[in-house]
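Here's the structure we're looking at; comments come further down.
The values are calculated or read from the model by the stated rules, or taken from the named source; none is laboratory data. Just so it is clear, the structure is predicted and the values come from calculations on it, not from any experiment. All Cβ positions, even for glycine, are placed from backbone atoms using ideal geometry, and neighbour counts span all protein chains on display. Only protein heavy atoms, including side chains, enter the accessible area calculation; ligands, DNA and RNA are left aside. Shrake-Rupley method; radii C 1.70, N 1.55, O 1.52, S 1.80 Å.
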Amino acid sequence: MLSHNRLRVLRKAVIPCCVGRRKGFAADRKGSAMERENEAYVDNHQVANGAAFVVDNAAALDQPITPWMSMVASGYTLLRDPHHNNGLAFTEKERDAHYLRGLLPPVSISQELQEKKLMRNLREYKVPLQRYMAMMDLQERNERLFYKLLIDNVEELLPVVYTPTVGEACQKYGSIFRRPRGLYISLREKNKVLEVLKNWPQKNIQVIVVTDGERILGLGDLGCQGMGIPVGKLALYTALGGIRPSACLPVTIDVGTNNENLLNDEFYIGLRRKRATGQEYAELLEEFMSSVKQKYGERILIQFEDFANHNAFDLLSKYRETHLVFNDDIQGTASVVLAGVVAALRLVGGTLAEHTFLFLGAGEAGTGIAELIALQMSKETRIPVEEARKKIWLVDSKGLIVRSRIQSLQHFKKPWAHEHESIKGLLDAVKSIKPTVLIGSSGAGQAFTQEVIETMALFNEKPIILALSNPTSQSECSAEQAYTWSKGRAIFASGSPFDPVEYKGRTFVPGQANNAYIFPGFGLGLVMSGAIRVHDDMLLAASKALAEQVTDENFEKGLIYPPFSNIRKISAHIAANVAAKAYELGLAGNLPRPDNLVKHAEKCMYSPIYRTYR
Ligand SMILES: NC(=O)C1=CN([C@@H]2O[C@H](COP(=O)(O)OP(=O)(O)OC[C@H]3O[C@@H](n4cnc5c(N)ncnc54)[C@H](OP(=O)(O)O)[C@@H]3O)[C@@H](O)[C@H]2O)C=CC1
Ligand SMILES: CC(=O)C(=O)O
Ligand SMILES: [Mg+2]
């Protein structure tokens, strides 16, 4: 243990002072009002807790200085280090040991009381974006308290740090930008990506979530401002999946934006140019992928998030053989929706193969889900996947995907081009296909009209209706519409949360069909088993674990997902199933295999409780 004296010596040794300049500053007390203002600033802020200071007057401004930093946090620096700051919860002993006396008011309170106060303060904000900003500020100030709040109040705070509010935050990211979070890798960093990675302070990274900002939720191209998504997803990796915050790295690849509003916005934070495509794009991505592997090794998990589909499928198929990669929009969504459908079958009856699926939206989410459902059907019935696909139909912006369109279809749509006459609109497709399950993955808000839902309810006793698009504004329909238009018969879940709905004296609780159920536990399973590749069977394993967590009590409320309040337990089960599959497939590097993988997952999980400092 370091003695106080030793600590003080250490601190002095690592914190240099540019005191030499102070003489000149003191000698020249006259000068402009601005100079005097600067002087006052320096007087007020000098040597706070022994920290380095520079004379911040005009004469000094053109003199280059070295931005020294201390390495051992104590005193004032400790209070400003979000990873170690406990705020008012520092004990008397810690205050003595770490030079905090006088820097905090006398009271010492528990983390629970801090949490209570912050939740009360948060609830005072009526505007969701203000709550988002308050949470981001907390993350910057006191990381453990941030995660304690998020874990203990997950159902209340998920819509704040995640969809729908994170969508608005990304749209306004430039304006609300305070302190950078995550790593920005732009075309300017070409040939220097490895060096940029070295600038990140944490060395033992296990999970990267990366976006290029081109398809942020259903809001389109938000360029560099998409950073809110990796930041938010990684907060969930920690809160929901228990990955240590210091092992998480949010990355935004900035190759420009085609969003004219952003290009003309003076507060836009990204490169002011049109998106790079083709070779220029591929080269930066390749450099990123190889640098990440070089820096963090074979087992670094890279989650692709909110790329546009013209890049997403290609990146996934290019890197899935060489890297530990996972596309959340294609694969995570597939796993969560399959789980919801399998759970719903316990209410509706029948096997997967006995149902007929119709999707509105044939992009990453739509075709990703369709493919995993077909794979599961094929495993259950032993029919080839090609046959299983015939139970699944997709509609895109041009209408039903049919054989006659095959030449002009993007490659990921081609497997779904079945023999059928051309159909333009969703309603006609519903009337013709007569699906038992209708899934919205279009990003087109209100696309499930009253007629569409009524038609579903016409030939289904319990139509399964999933409106997956985010944020709430893009949801294909609201929970209230689904329940009302189906006369209380729909089994409904949505990508973004909706409040419970009263219909004819009954309360319906809509579930949230969101990949947030899967990716945190999925990632934990990969990390804890030391997996080196993602296999489709792991997605099925995760899906099964999630579906198994739905209880009769949940079903009674109309839920086909367990509540998020149990998410850590759910994530432990998902992680265990995924890890078990990794071991079974010979893809796990952490040997020997622990006997009880659920217990092992729970043990691996990060706890936000304050650590005691010596
Ligand atoms: N709940 C969850 O966990 C998740 C939800 N999502 C949400 O799903 C939505 C789509 O995401 P993703 O699949 O990645 O996006 P893509 O851009 O890959 O796909 C969108 C698809 O919707 C189609 N489409 C768009 N507008 C219409 C319309 N008016 N009528 C019919 N089809 C339309 C497009 O048609 P075309 O191909 O002809 O352009 C395309 O096939 C987003 O809102 C996203 O937030 C995504 C991932 C997870
Ligand atoms: C949830 C999610 O990943 C999306 O909407 O893109
Ligand atoms: Mg996404």
- Message: Which condition from (1) without any contact (Cβ under 8 Å) to a residue 40 or more places away in the chain; (2) of a type outside the set (Ser, Thr, Tyr); (3) within 15 Å of ligand 1 (Cβ to nearest atom) is the one that Gly232 breaks?
- Response: (1)
- Task: Exactly one condition in (1) among the polar types (S, T, N, Q); (2) more than 16 Å from ligand 2 (Cβ to nearest atom); (3) closer than 26 Å to Ser571 by Cα is not met by Gln303; state its number.
- Result: (2)
- Item | Qualifying positions in segment 395-443 - within 16 Å of ligand 2 (Cβ to nearest atom) and open to solvent by 40 Å² or more (accessible area, probe 1.4 Å) | Ser442
- A careful count of residues in segment 187-207 that are closer than 15 Å to Gly297 by Cα and of a type outside the set (A, V, I, L, M) gives 5
- Expected single match for crowded, with 19+ Cβ neighbours inside 10 Å and modelled with pLDDT under 95 among Val55, Val161 is Val55
- Task: May I ask you to list the residues in segment 278-330 that are more than 26 Å from Lys203 (Cβ to Cβ) and small (Gly, Ala, Ser)?
- Result: Gly278, Ala282, Ala308, Ala312, Ser317
- Task: Evaluate the following for Met136: is it aliphatic (A, V, I, L, M), in a helix (DSSP H, G or I), more than 16 Å from ligand 2 (Cβ to nearest atom) and at pLDDT 95 or above?
- Result: yes
- Note on the structure: Screening Gly226, Gly218, Gly213 for residues that are under 22 Å from His310 (Cβ atoms), of a type in the set (Gly, Ala, Ser), open to solvent by 10 Å² or more (accessible area, probe 1.4 Å) and within 15 Å of ligand 2 (Cβ to nearest atom) leaves only Gly218
- Per-region count, segment 497-515, residues of a type in the set (Lys, Arg) and open to solvent by less than 80 Å² (accessible area, probe 1.4 Å): 0
- Query: Taking segment 345-371 as the region of interest, how many residues are away from ligand 1 (no atom under 16 Å from the Cβ), assigned to a helix (DSSP H, G or I) and open to solvent by 10 Å² or more (accessible area, probe 1.4 Å)?
  - Reply: 6
- Query: How about segment 438-523: which strands (runs of 3 or more DSSP E) wholly inside it have at least 2 residues that are among the small types (Gly, Ala, Ser), in contact with a strand residue (DSSP E or B) (Cβ under 6 Å, 6 or more places away or on another chain) and in contact (Cβ under 8 Å) with a residue 12 or more places away in the chain?
  - Reply: 491-494
- Message: Taking the conditions exactly as written (part of a loop (DSSP other than H, G, I, E, B), in contact with a strand residue (DSSP E or B) (Cβ under 9 Å, 6 or more places away or on another chain) and of a type in the set (S, T, N, Q)), does Asn554 satisfy them or not?
- Response: no
- The residue that is surrounded by the fewest Cβ atoms within 10 Å (Cβ to Cβ), considering only those in segment 195-210 that are among the hydrophobic types (A, V, I, L, M, F, W, C) and assigned to a loop (DSSP other than H, G, I, E, B), is Trp200
- Query: Residue check: is Ile185 open to solvent by less than 10 Å² (accessible area, probe 1.4 Å), assigned to a loop (DSSP other than H, G, I, E, B), touching a strand residue (DSSP E or B) at 6+ places or on another chain (Cβ under 8 Å) and more than 16 Å from ligand 2 (Cβ to nearest atom)?
  - Reply: no
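Can you tell me which residues in segment 594-614 are open to solvent by 100 Å² or more (accessible area, probe 1.4 Å) and more than 27 Å from Arg144 (Cβ to Cβ)?
Asp595
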- Per the list (1) within 16 Å of ligand 1 (Cβ to nearest atom); (2) out of contact with any strand residue (DSSP E or B) (no Cβ under 6 Å at 6 or more places or on another chain), residue check on Lys203 breaks on (1)
- Query: Can you tell me which residues in segment 522-569 are open to solvent by 10 Å² or more (accessible area, probe 1.4 Å) and hydroxyl-bearing (Ser, Thr, Tyr)?
  - Reply: Thr551, Ser565
- Item | Filter result for the condition that a residue is outside the structural domain of Lys434 (by the TED database) and within 17 Å of the chain's Cα centre (by Cα), over Gly523, Gly558 | Gly523
